[in-house]
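Just below is one structure, and these are the notes that go with it.
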Amino acid sequence: MNINQNYLNLKDSYLFSLVAKKVNEYKAQHPEKEVIRLGIGDVTRPLVPAVVAAMGTAVLEMGDAATFRGYGEEQGCAFLRQALCGYYAGKGVALADSEVFISDGAKSDLGNILDIFDTDNTVLIPDPVYPVYVDTNMMAGRQIVFVNGNTENNFLPMPDRQVKADIIYLCSPNNPTGAVYSKEQLANWVTYALEQNAVILFDSAYEIFVQDEKLPTSIYQIEGAKKCAIEFCSLSKTAGFTGVRCGYTVVPHDLVRHNTPLNKLWLRRQTTKFNGVPYIVQRGAEAVFSSEGFAQIKENIAYYLHNAQLIADTLRKLDIWFVGGENSPYIWLKCPSGLSSWDFFDHLLTNAGIVGTPGVGFGANGEGFFRLTAFGDRENVQKAMTKLRGLS
């Protein structure tokens, strides 16, 4: 019996597990000290009333023989896929419900989508980046080429025509940097992908945080994208579903490689390896896109964006360089005084009780940078910013 040797090329610990370990060790040594977590991007606002009501009704349905439901469609209940088509129509994007697949989250699909691609493909990934993009391809043994994000390009790297790529990962608004691509910049990537006959895997998990109407919230708002892009999104940050688990992936019928529609391949993969998201969860997700539910959710998004503004205002007062925080829940800052990412992590934790995420955990280009999130409670964010201003 042989094991997958590619796993041995991975780091011993997932980034956020390592952060949690260090925080737990600190708390064990200093139980009297308060710790404010602005690191891992977990939400703090509860599910909105419209979602709770819809899930409650679905629970009662499951307890009645007349309305009980067993196995559903692996690609998702028609009512939710149709609701998502309506949501995209509001963006000016026309989708068929057969192009939408419901899942338990974008993280799962971003890894699982690789099942439909050959391992010989070259993968282009921005650096810094969400670790899942890199780790899942390393597990499969694919060749990875990095495109550099830095202060010069405001952490929005653009394609290099001299680089050959088959699969391209993009995330906008970006995790970890909070930077957001313009329509012109995304159009450049789409043109590049079409020239390369490549496929863009577009992570739009934070699209609801975009408030600037000039900025795209779906890659399909770019002409030609349906011929070269798969879009992934999640309700984790959109609607507080981190503990409920629901997301969706869009695979357009126009996306064809080697005379084979990728939609057909993904459908085959999902019907083989996935039994679908629970009916109760999907009814809750449907309520997200109702007029009542969406209005309630927008209030939560405004709450988080105000937290981001408080963090951004503090960094400006301290004259610390950063991106993000305006159309994103993430703030990506340059560590002051030339500190490394982990040194700044230790400095904040031991001197202010603030937990963030070291930028180097997102790639080599993240060294010397640090990520803060706006998902905390308002009181904790305000307290953390007061402590940050008090640090030398």
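If you take the residues of segment 350-368 that are in a helix (DSSP H, G or I) and more than 21 Å from the chain's Cα centre (by Cα), which of them is nearest to M385 (Cα to Cα)?
A352
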Of everything in segment 234-256 that's among the hydrophobic types (A, V, I, L, M, F, W, C) and farther than 22 Å from G70 by Cβ, which residue is surrounded by the fewest Cβ atoms within 10 Å (Cβ to Cβ)? V256
Is it the case that W342 is over 22 Å from the mean Cα position of the chain (by Cα) and outside the structural domain of S172 (by TED's automatic domain parsing)? yes
Go over the candidates T357, T386 one by one and state the one that is hydroxyl-bearing (S, T, Y) and closer than 19 Å to Y26 by Cα. T357
Surrounded by 14 or more Cβ atoms within 10 Å (Cβ to Cβ), out of contact with any Cys (no Cβ under 9 Å at 6 or more places or on another chain) and assigned to a loop (DSSP other than H, G, I, E, B): is that true of D42 in this structure? yes
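Residue by residue, here is whether (1) on the phi > 0 side of the Ramachandran plot; (2) in contact (Cβ under 8 Å) with a residue 24 or more places away in the chain; (3) crowded, with 23+ Cβ neighbours inside 10 Å; (4) in the same structural domain as G356 (by TED's automatic domain parsing) holds:
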| position | (1), (2), (3), (4) |
| --- | --- |
| P173 | no, yes, yes, no |
| G178 | yes, yes, yes, no |
| S182 | no, yes, no, no |
| W189 | no, yes, yes, no |
| I200 | no, yes, yes, no |
| D203 | no, yes, yes, no |
| Q211 | no, yes, no, no |
| L215 | no, yes, no, no |
Mind listing whichever residues of segment 354-392 are surrounded by fewer than 19 Cβ atoms within 10 Å (Cβ to Cβ) and of a type in the set (A, V, I, L, M)? A364, L391
Within segment 262-292, which residues are closer than 13 Å to R245 by Cβ and buried (at least 21 other Cβ atoms within 10 Å of the Cβ)? V277, V281, Q282, G284, A285
Is one or more of the residues making up segment 161-183 under 22 Å from the mean Cα position of the chain (by Cα), in a helix (DSSP H, G or I) and not aliphatic (A, V, I, L, M)? yes
Condition first: of a type in the set (D, E, K, R), under 23 Å from the mean Cα position of the chain (by Cα) and over 16 Å from G178 (Cα atoms). Can you find one or more residues in segment 369-389 that meet it? yes
Does at least one position in segment 226-239 carry a residue that is closer than 16 Å to V93 by Cα, in contact with a Pro (Cβ under 8 Å, 6 or more places away or on another chain) and among the small types (G, A, S)? yes
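Could you pull out the residue among A83, A50, A66 that is in a loop (DSSP other than H, G, I, E, B) and modelled with pLDDT of 95 or more?
Answer to the selection: A66.
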Need pairs with beta-carbon distance below 8 Å; first residue in the same structural domain as Q309 (by TED's automatic domain parsing) and within segment 359-384, second among the aromatic types (F, W, Y) and in a loop (DSSP other than H, G, I, E, B); sequence gap 6+ or separate chains. F362/Y130
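Among the listed residues N259, N307, N327, N351, identify the single one that is surrounded by fewer than 18 Cβ atoms within 10 Å (Cβ to Cβ), touching a residue at least 40 places away in the same chain (Cβ under 8 Å) and not β-branched (V, I, T).
Numbers: N259 fails: touching a residue at least 40 places away in the same chain (Cβ under 8 Å); N307 fails: surrounded by fewer than 18 Cβ atoms within 10 Å (Cβ to Cβ); N327 fails: surrounded by fewer than 18 Cβ atoms within 10 Å (Cβ to Cβ).
Step by step, each of N259, N307, N327, N351 is checked, and only N351 is surrounded by fewer than 18 Cβ atoms within 10 Å (Cβ to Cβ), touching a residue at least 40 places away in the same chain (Cβ under 8 Å) and not β-branched (V, I, T).
The values are calculated or read from the model by the stated rules, or taken from the named source; none is laboratory data. Note that this is a predicted model, so its numbers are computed, not measured. When we count neighbours, we look across all protein chains shown, and the Cβ atoms used for this are built from the backbone with ideal geometry, even at glycine.
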